[in-house]
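Each remark here refers to the structure printed beneath this line.
The values are calculated or read from the model by the stated rules, or taken from the named source; none is laboratory data. All figures in this text were calculated on a predicted structure; none of them were measured in a lab. Don't worry about glycine lacking a Cβ; one is built from the backbone with ideal geometry, like all the others, and counts go over all protein chains shown.
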Amino acid sequence: MSNAYTFPDNAAKTAGAAASAELPTEKMSLSMGPSHPSTHGVLRLQMEIDGETVVKADPVIGYLHRGDEKIAENMTYNQFVPYTDRLDYLAPLANNVAYALAVEQLAGLTVPPRCQAIRVISAELARISSHLMGLGAFGIDVGAWTIFLYTFTEREKLYRLFEELTGARFTNSYTRIGGVARDVPEGWTDRVNAFCDQFLPILDEVLGMLSRNKIFLDRTDGVGVISKEDAIAYGLTGPNLRGSGVPLDLRKDRPYSGYEQYDFDVPVGVKGDCYDRYAVRGEEMKQSVRIIKQAIARFPGGDWYAKDARKIFAPPKDKVLTSMEELINNFMIVTEGPQIPPGEAYFEAENPKGILGFYVVSKGGGVPWRLKIRSPSFCNLSILPKICAGALVADVVSILGSFDFVMGECDR
Amino acid sequence: MCDLICHIPPAVQDLLLSILKGFAVILVIFPIAGASSMAERKVSAWIQGRYGPNRAIVPWFAYVPFVGRFLQRLGVFNLMADGGKLLFKEDPLPGHVKKFYFMLAPLVGLVPAFTTVTVVPFGAYLDRAGQVVPLMLANVDVGILAIFAVASLGIYSMILAGWASNSKYPFLGSVRASAQLVSYELSLTLSVLPVFLWVNAPGTDATLSLARVVEFQSQPGLMGGMWFIFLMPVSALIFLVALFAETNRLPFDMIESEADLVGGFHTEYGSFKWSLFFVAEYSHMVVGSAVFVLLFFGGWNPLPWLPLATLTGWLHLQDWPVVVGALSVVIFLVKVLAMIFFFMWVRWTVPRFRYDQVMKIGWQKLLPLAIGNLLFYLLVIGAIHAF
């Protein structure tokens, strides 16, 4: 690669342009990111622009690569749970649940209904939290700052609920293989219900500020259109896929964790533009509230972890301190990890950003032999060069905002 | 005291008086520009359900009962802290910039912003004869033209900053600046023409002075006391929209739109040079609001159909010109501040247009509307004077 800059031959260009009756232009390369206000983290777009029009946009990723998959091979299954928090760090609970379900599938383990319900509620709360963030950031990208503060206020309430449930506001690390870290606190479900009740009117208010706003429509309607075929061909998932009109939602199509019991709709877009992706997210939050309310209404009693999986889920503390057998068992699980039989399993969950898949290979013992993560943001970003070409610089910002990606998950 | 003053030749006296007035105005406009930046933070906090700046306080001031804490909550001291910080922090000069022009740009921005203030009347008092005398630095005949001419020079600072920064985002910002400002200048000028046509009816002494427009809105009677906002709502609307574009406020802040251009023309700037751009921007906003109030909201007249002179009569203030003057300045400032609040309200409510949409609105919607509006009032004025 040569860095030498050759001066354009302007005279020849002008002469050529005069012949074609067009103004001579010159392309400029513009590096958007990795530290740019609207690339949401450390995405870098290497763009070639002609005036304000983007001719070419190449996403450059990897600025947040931490080697999560390799790290997983060096620790027990439960020790990897905190690392899943840091994939899509806007919805850690959903990642925790997806990871736990993947390992449990390999172990052939089913958790009791109460545990499933807890996981559903926490995953749906995480979905709301993630979509709120996506909506707020989208607002900032199109210039509506106030939206961000409104949604952040709601997220703060969610964080309080998360803190109460898991002990952490941000990186929750809530699930364990075969269950969750602890049962829901007393009265927590009522507080979740109360949150849901007050959340819907506020959500309507926030969406009302954008949905029929002429400026917002100008910025998003017909911008960054992804056709149905393209969306499927590029492996898009989640709201970005549904925004293009493909009703793929694993909670409906391949139910897990008891999603089949709940009644909810899968919103889909019509055109596949930025506005549709925004609208799908808005509606999904309402559907999540529906799921949470149903789950709480029929919140099952009983065990909150798989009692029969004695070699996988550590026994409760009171038993550990009183019984020899349980103490040994606890020691073994903590030091050697949950004992997962040899084999391999692939599990996908419908996460806020799309389909998060874990491919786990075990050779027995408490440490995965190989763990592969299929991250939705990574696949979603692959379509950027296609839809950014021909857009304006400001459109790229709208498109990035409407994609709602997280680089922690993309680069992992 | 009188001896001293009386011995100075009158010409020098006038000069001294002008300089004093000039300082007075600068001393008013600078704090208002600064306070606007504070108000921006407070208003945005209010709109967004936050507290906004409410921590900073001068140490001994905390002990003043009530007032100290109240001013602290208002964030007044944050304003001082901000200014101090920007003044004293390191002033980086990136290696890749054209140094001379880079330093020149903020000053180029500031000069027109302050210069326009000179021809803006900001109050009035009644002299012994009961005549309303406007308070202004220079009552020049070209009034509004002077403002437009000088204010549009401010754009050179942005272009200069963008070029001198020698960096891509500022470059894009300055390209947008030059295009946008040119397109909206036209509508801005065309929108105020009907007002001056109305004021300068055929046969009268023609003037473009803003004081004259206010005078016109202070006459007794139904038509006399009517503010131009009622008479020419379309003009007012066009002027307002163009004003938003001219002062780079959201939804038209293409030039610095931080979502795509990082910081636009001031991306490479820091510390006090950066803040000078904002003083200039807020000064433009203050002057723009002032002109809008003068043209369409009756200037220093308290209410429509209630001129300042009438109010003075009611309050028996004829013998107190200073009080009347102060009262008029206060009324005027309240209106201007309300306008500035409106600017902020809009900024924190709506999203931002895209660059090509801004141009489209300017050329395809606003300009034809302004021309149509001008033609309409031409016909109306012609008809009134023909019959």
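Summary table
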| quantity | calculated |
| --- | --- |
| Residues that are outside any loop (DSSP other than H, G, I, E, B) and either more than 14 Å from chain A (Cβ to nearest Cβ) or within 20 Å of A:D141 (Cβ to Cβ) (or both), drawn from the stretch B:233-257 | B:P233, B:V234, B:S235, B:A236, B:L237, B:I238, B:F239, B:L240, B:A242, B:L243, B:E246 |
| Residue list for the stretch B:250-292, filter: modelled with pLDDT of 80 or more, in contact with a Pro (Cβ under 7 Å, 6 or more places away or on another chain) and under 19 Å from B:R176 (Cβ atoms) | B:P251, B:F265, B:T267, B:E268, B:F277 |
| Residue check, A:L101 closer than 29 Å to A:Y346 by Cα and either under 17 Å from the mean Cα position of the chain (by Cα) or crowded, with 21+ Cβ neighbours inside 10 Å (or both) | yes |
| Qualifying helices (runs of 4 or more DSSP H) (wholly inside the stretch A:312-412; at least 2 residues being of a type in the set (A, V, I, L, M, F, W, C) and within 14 Å of chain B (Cβ to nearest Cβ)) | A:393-403 |
| Residue within the stretch B:235-255 that is touching a residue at least 60 places away in the same chain (Cβ under 8 Å), farther than 30 Å from B:G162 by Cβ and crowded, with 24+ Cβ neighbours inside 10 Å present | yes |
| Members of the stretch A:62-81 found to be in contact with a strand residue (DSSP E or B) (Cβ under 8 Å, 6 or more places away or on another chain), within 22 Å of A:L101 (Cβ to Cβ) and aromatic (F, W, Y), listed by number | A:F80 |
| Residue match in the stretch A:148-159 (condition: more than 14 Å from every other protein chain (Cβ to nearest Cβ) and either aromatic (F, W, Y) or out of contact with any strand residue (DSSP E or B) (no Cβ under 6 Å at 6 or more places or on another chain) (or both)) | yes |
| One residue from A:V246, A:V280, A:V223, A:V266 being more than 28 Å from A:K157 (Cβ to Cβ) and more than 14 Å from chain B (Cβ to nearest Cβ) | A:V246 |
| Qualifying positions in the stretch B:258-284 - away from chain A (no Cβ under 14 Å), part of a loop (DSSP other than H, G, I, E, B) and of a type in the set (S, T, Y) | B:Y269 |
| Qualifying residue in the stretch B:285-308 (condition: of a type outside the set (S, T, N, Q) and within 14 Å of chain A (Cβ to nearest Cβ)) | no |
| Meets criteria (aromatic (F, W, Y) and either part of a helix (DSSP H, G or I) or within 13 Å of chain B (Cβ to nearest Cβ) (or both)) for A:F170 | no |
| Residue in the stretch A:157-166 that is free of Cβ contacts under 8 Å to residues at least 12 places away in the same chain, under 21 Å from the mean Cα position of the chain (by Cα), farther than 19 Å from A:Y305 by Cβ and not in a loop (DSSP other than H, G, I, E, B) present | yes |
| Qualifying positions in the stretch A:27-79 - more than 14 Å from A:G408 (Cα to Cα) and basic (K, R) | A:K27, A:K56, A:K70 |
| Which listed residue, of A:G208, A:G178, is small (G, A, S) and within 14 Å of chain B (Cβ to nearest Cβ) | A:G208 |
| Answer residue from the stretch B:339-387, given it is over 13 Å from B:A245 (Cβ atoms) and not in a helix (DSSP H, G or I) and is farthest from the other protein chains (Cβ to nearest Cβ) among those | B:F387 |
| Any pair with Cβ under 6 angstrom, 6 or more apart, that starts in the stretch B:73-98 at a residue that is in contact (Cβ under 8 Å) with a residue 60 or more places away in the chain and ends at one that is among the acidic types (D, E) | B:P94/B:E268 |
| Candidate set from the stretch A:44-68 (those that are surrounded by 15 or more Cβ atoms within 10 Å (Cβ to Cβ) and more than 14 Å from every other protein chain (Cβ to nearest Cβ)); member that is nearest to B:S174 (Cα to Cα) | A:V55 |
| Qualifying position, being touching a helix residue (DSSP H, G or I) at 6+ places or on another chain (Cβ under 8 Å), assigned to a helix (DSSP H, G or I) and within 14 Å of chain B (Cβ to nearest Cβ), among A:I128, A:I121, A:I140 | A:I140 |
| Among the candidates A:L135, A:L93, A:L87, residue that is buried (at least 23 other Cβ atoms within 10 Å of the Cβ), within 14 Å of chain B (Cβ to nearest Cβ), touching a residue at least 60 places away in the same chain (Cβ under 8 Å) and under 16 Å from the mean Cα position of the chain (by Cα) | A:L135 |
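Residues checked against (1) over 23 Å from the mean Cα position of the chain (by Cα); (2) more than 21 Å from A:G67 (Cα to Cα); (3) surrounded by fewer than 22 Cβ atoms within 10 Å (Cβ to Cβ):
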residue: A:V334; (1), (2), (3): yes, yes, yes
residue: A:I340; (1), (2), (3): yes, yes, no
residue: A:E348; (1), (2), (3): no, no, yes
residue: A:L356; (1), (2), (3): no, no, no
residue: A:V367; (1), (2), (3): yes, no, yes
